[in-house]
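Contents: one structure, followed by commentary.
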Amino acid sequence: MNGDYQIVISEEIIHEYEEILKEHSAPGVAALVMEILSVSPDVIYKRIYYAWNMIKSDADDNKFFDAAVAGNVDFLVTNDTHFNELLNINFPRINLISADYFLTVLHDLKR
């Protein structure tokens, strides 16, 4: 990353990323990614003090919503349809965008 955007993550998100990387990648990859995330100025760690429990169809996804709210993010980027439940709430309002649309946003930043 080069400062065009920042990623908001929480302790719970980091643990999930690490677990998935350990399970599905080559040895050492998880440790390398965790090191990059820990030193990158573009990664913002947020401590989650309140669990909104807004996503009922897959409660495990709530950690991403909670981090988005705590980080006051511009967008929550996901292709996971469980997040569509959030389209029906007015507060707290989070802008959901797809990964493809996010790539368009990034491309437009380069102009």
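A few comments on the model shown:
- Test: residue in the range 49-63 that is within 17 Å of His15 (Cβ to Cβ), open to solvent by less than 30 Å² (accessible area, probe 1.4 Å), in contact (Cβ under 8 Å) with a residue 40 or more places away in the chain and touching a Ser or Thr at 6+ places or on another chain (Cβ under 9 Å): yes
- When the helices (runs of 4 or more DSSP H) confined to the range 1-74 are screened for residues that are over 19 Å from Leu86 (Cα atoms) and under 15 Å from the mean Cα position of the chain (by Cα), those reaching at least 1 such residues are found at 11-24, 29-39.
- Beta carbons closer than 8 Å, at least 6 apart along the sequence or on distinct chains, pair a first residue in the range 75-98 that is in contact (Cβ under 8 Å) with a residue 40 or more places away in the chain and closer than 16 Å to Trp52 by Cβ with a second that is assigned to a loop (DSSP other than H, G, I, E, B) and open to solvent by 60 Å² or more (accessible area, probe 1.4 Å) for Pro92/Trp52.
- When restricted to residues that are open to solvent by 50 Å² or more (accessible area, probe 1.4 Å) and free of Cβ contacts under 8 Å to residues at least 24 places away in the same chain, the range 33-48 contains 4.
- The numbered conditions (1) out of contact with any strand residue (DSSP E or B) (no Cβ under 7 Å at 6 or more places or on another chain); (2) under 15 Å from Ile94 (Cβ atoms) are all true for His24 except (2).
The values are calculated or read from the model by the stated rules, or taken from the named source; none is laboratory data. Predicted model, so just to flag it, every value in this text is computed and none were measured. Cβ: placed from backbone, ideal geometry, glycine included. Neighbour counts: every protein chain shown. Quick note on the areas: whole protein, heavy atoms, side chains included, nothing else; ligands and nucleic acids left out. Shrake-Rupley method; radii C 1.70, N 1.55, O 1.52, S 1.80 Å.
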